[in-house]
Amino acid sequence: MNEREARAVLFSAIEGGHPFWSAEIFSQGALKTIEKLQDGSYDRVKFGKLITAISTTRSEHVFTAIEAAHAQFIVPGDAMWPSSVEDLVAPPIALIAKGNLEALSMQSLAIVGTRNPTNYGARIAGDFAAGFVDREWGIVSGGAYGIDSFAHKGALIAEGITVAVIASGIDVNYPVGNARLFAEICEAGAVVTEVMPGDPALPARFLIRNRIIAALSAATLVVEAAFRSGSLRTARDAAELLRPVMAIPGPINSPTSEGCHRLIGERAAEIVTSVADAVEFVGANR
């Protein structure tokens, strides 16, 4: 077994975003980590389930599943690996992606927000995406309905490149209604995930994948978000990476703007009201 094969085995057995295993794998390598799991260097009781999983998983089965989904498996050292994700406390063991993998490393803006935007939020997301595309930036967002979708559509309408980071397997169109959007994204951009093909979009995986959205991007913009929105997690992840965070203000009585106002009030995000504002702020913080 080589290092790439070892990463494939661990990738299939360990849930993404695990701080301990990410640190172990990135400090000593995947092959060494597997050897230590097998020789008893780690607690056999505590990690019994993982030890069983790696002993029954063959790397060729992992690669076959990815190939069947018409996707690619990328790891550190690969030409298309986005090195920016290594800034994370828990970098992904590997990534599965399809489309134009060069899009993963281009200068990009993350646009995130609620799944239930107002017409105002939907328009703003599309306008800012198009505005940054016009300045030769890429767009990064999730794959959900709402702000995510409007950001991707804004980039596509402007004939730009956009990347969708999803919380399910690369072959699972979640939500189903965005299947066509994912296909359009892959024509020039990419869809990327850190879970195996066929895996469902579990609730916890949305929060875990948010850190990848932040890491792939040079800056993050929150358009509309509820007071306890998952989008705020993306903003926090970006701030931890010392990347610029911006938020769009909205009506003071709008629940979908409470999260943005919270970020602005806590000085966790810069208030921006135009693409020019955002470009200036990002430029001053690079």
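Right, GLU86: farther than 24 Å from PRO19 by Cα and either touching a residue at least 12 places away in the same chain (Cβ under 8 Å) or not aromatic (Phe, Trp, Tyr) (or both) or not? It is false that GLU86 is farther than 24 Å from PRO19 by Cα and either touching a residue at least 12 places away in the same chain (Cβ under 8 Å) or not aromatic (Phe, Trp, Tyr) (or both). For the range 55-96, a residue qualifies if it is surrounded by fewer than 17 Cβ atoms within 10 Å (Cβ to Cβ), among the hydroxyl-bearing types (Ser, Thr, Tyr) and under 21 Å from the mean Cα position of the chain (by Cα), and exactly one does: SER83. Can you find a residue in the range 126-141 that is in contact with a Gly (Cβ under 6 Å, 6 or more places away or on another chain), buried (at least 19 other Cβ atoms within 10 Å of the Cβ) and in contact (Cβ under 8 Å) with a residue 60 or more places away in the chain? Within the range 126-141, none of the residues are in contact with a Gly (Cβ under 6 Å, 6 or more places away or on another chain), buried (at least 19 other Cβ atoms within 10 Å of the Cβ) and in contact (Cβ under 8 Å) with a residue 60 or more places away in the chain. Of the residues making up the range 18-40, those that are surrounded by 16 or more Cβ atoms within 10 Å (Cβ to Cβ), without any contact (Cβ under 8 Å) to a residue 24 or more places away in the chain and closer than 18 Å to VAL75 by Cα number 1. I'd like to know if the range 244-266 contains one or more residues that are at positive phi and either touching a Leu at 6+ places or on another chain (Cβ under 9 Å) or in the same structural domain as ARG115 (by TED's automatic domain parsing) (or both). Within the range 244-266, not a single residue is at positive phi and either touching a Leu at 6+ places or on another chain (Cβ under 9 Å) or in the same structural domain as ARG115 (by TED's automatic domain parsing) (or both).
Within the range 30-51, the set of residues being under 29 Å from the mean Cα position of the chain (by Cα) and more than 18 Å from ARG4 (Cα to Cα) comprises PHE47, LYS49, LEU50, ILE51.
From the list GLU240, GLU187, GLU270, which residue is closer than 20 Å to PRO91 by Cβ, at pLDDT 95 or above, surrounded by fewer than 23 Cβ atoms within 10 Å (Cβ to Cβ) and not hydroxyl-bearing (Ser, Thr, Tyr)? After applying the criteria, what remains is GLU240. Residues in the range 173-230 that are more than 10 Å from the chain's Cα centre (by Cα) and among the charged types (D, E, K, R): ARG180, GLU184, GLU187, ASP199, ARG205, GLU224, ARG228. Being of a type outside the set (Asp, Glu) and surrounded by fewer than 19 Cβ atoms within 10 Å (Cβ to Cβ) is a condition met by no residue of the range 214-226.
All of (1) surrounded by 24 or more Cβ atoms within 10 Å (Cβ to Cβ); (2) more than 29 Å from GLY17 (Cβ to Cβ) hold for ALA158 with one exception: (1).
The values are calculated or read from the model by the stated rules, or taken from the named source; none is laboratory data. None of the values given here were measured: they were computed from a predicted structure. Positions of Cβ are backbone-derived with ideal geometry, glycine not excepted, and every protein chain shown enters the neighbour counts.
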